[in-house]
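The values are calculated or read from the model by the stated rules, or taken from the named source; none is laboratory data. Just so it is clear, the structure is predicted and the values come from calculations on it, not from any experiment. Cβ placement follows ideal geometry from the backbone for every residue including glycine, while neighbour counts extend to all protein chains displayed.
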Amino acid sequence: MTGPDQAADDTTTRPTPEAILPAPETVRPAPESTRPTPESTRPASGTGLLHRGAASPVYNDLPHRVLKPGVRQVINRLIMRVTLEGLEHVPRDEPLIFAGNHSSWLDGPLVVIESPRTVRCLVKSEMYTRIVGRLLLISGQIPIDRGRPDREALHTALDELSRGGAIGVFPEGTRGSGEMAAVQHGIAYLAVHGRCRVLPVACINTGDALPKGARWPRRSVQVRVVFGKPFEVDVPANPRSRRALAAVAEDIRVRLLDHLETARASPGASAA
């Protein structure tokens, strides 16, 4: 899994006119009480997208609705030991970005499988080979080319948000320590131009359950997937400014790190 940083940088520095059209009229505004509007910023959720409008094919999430419950039971009880926390925080009827830490190959599949709603993650294009590639396409995951500015991947993600769907992003960009020391700016671009909230997800112990080089998860390791409360980001006065998006990305990083630390210190951690 990866974050669309390079694509975002290119788009924000040289935006095309069609990428910043007003939102379609079908987007439902959030209640005024939840939308503070200082002159310099506006909240990201509910006021309509800055995106040009849906153009990519609509994804039919029938495989998720039919297959995911059974797959979840097999993974959580037979293949691994997975506990879920915070499912009550996941809204079912609004555009949303799931953002998680990334220390193992397991993180992306777990967010997709354990979420109570369909999530389409941005996945590096190198993964789309053989049977893995077929599974990714069937499950609606979005390939992104990390070697070039991939506008198509960004636009597909924004299309999904414009339809009220959910996108999964691992803003650290690649597998690492999973400590949220830095995040790429692509998540800020999606949150700002998609006008949606960000829901933090902490994947705990996945690096121990499937270390680099391992071919099969260790069932002896208790894995926790902790969904946090979604939060809004402020839309900068100039949403195309690289500096402004960097500030939004840093705010997101701090919030994700806070959720990660809270999840690790929660009572569920001692029971794991």
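Figure legend. Inter-residue proximity from region 77-92: first residues touching a residue at least 24 places away in the same chain (Cβ under 8 Å) and over 16 Å from PRO109 (Cβ atoms), second residues surrounded by fewer than 18 Cβ atoms within 10 Å (Cβ to Cβ) and basic (Lys, Arg), beta-carbon distance below 7 Å, spacing 6+ or different chains. Indicated pairs: HIS89/LYS229; VAL90/ARG117; ARG92/ARG117. Taken together, the criteria place SER125 among residues that are polar (S, T, N, Q), under 23 Å from GLY194 (Cα atoms) and over 11 Å from the mean Cα position of the chain (by Cα). Among the residues of region 150-166, not a single one is in contact (Cβ under 8 Å) with a residue 24 or more places away in the chain and within 23 Å of ARG81 (Cα to Cα).
Can you name the residue in region 218-269 that is in contact (Cβ under 8 Å) with a residue 40 or more places away in the chain, among the small types (Gly, Ala, Ser) and crowded, with 18+ Cβ neighbours inside 10 Å and is also nearest to ALA182 (Cα to Cα) among such residues? Per the criteria, the residue is ALA249.
The residue that is surrounded by the most Cβ atoms within 10 Å (Cβ to Cβ), counting only those in region 59-81 that are among the basic types (Lys, Arg) and over 28 Å from ALA153 (Cα atoms), is ARG81. Taken together, LEU84, LEU136, LEU122 contain a single residue that is of a type in the set (A, V, I, L, M), in a strand (DSSP E or B) and surrounded by fewer than 23 Cβ atoms within 10 Å (Cβ to Cβ), which is LEU84. If we scan region 211-232, do we find a residue that is among the hydrophobic types (A, V, I, L, M, F, W, C), in a loop (DSSP other than H, G, I, E, B) and closer than 20 Å to THR83 by Cα? Checked region 211-232: at least one residue is among the hydrophobic types (A, V, I, L, M, F, W, C), in a loop (DSSP other than H, G, I, E, B) and closer than 20 Å to THR83 by Cα.
Could you say whether any residue in region 135-142 is under 24 Å from VAL223 (Cβ atoms) and touching an Asp or Glu at 6+ places or on another chain (Cβ under 8 Å)? Checked against the condition, which is being under 24 Å from VAL223 (Cβ atoms) and touching an Asp or Glu at 6+ places or on another chain (Cβ under 8 Å), region 135-142 yields at least one hit.
GLY164 meets the conditions (1) outside any loop (DSSP other than H, G, I, E, B); (2) at pLDDT 95 or above in every case but one. The failed one is (1).
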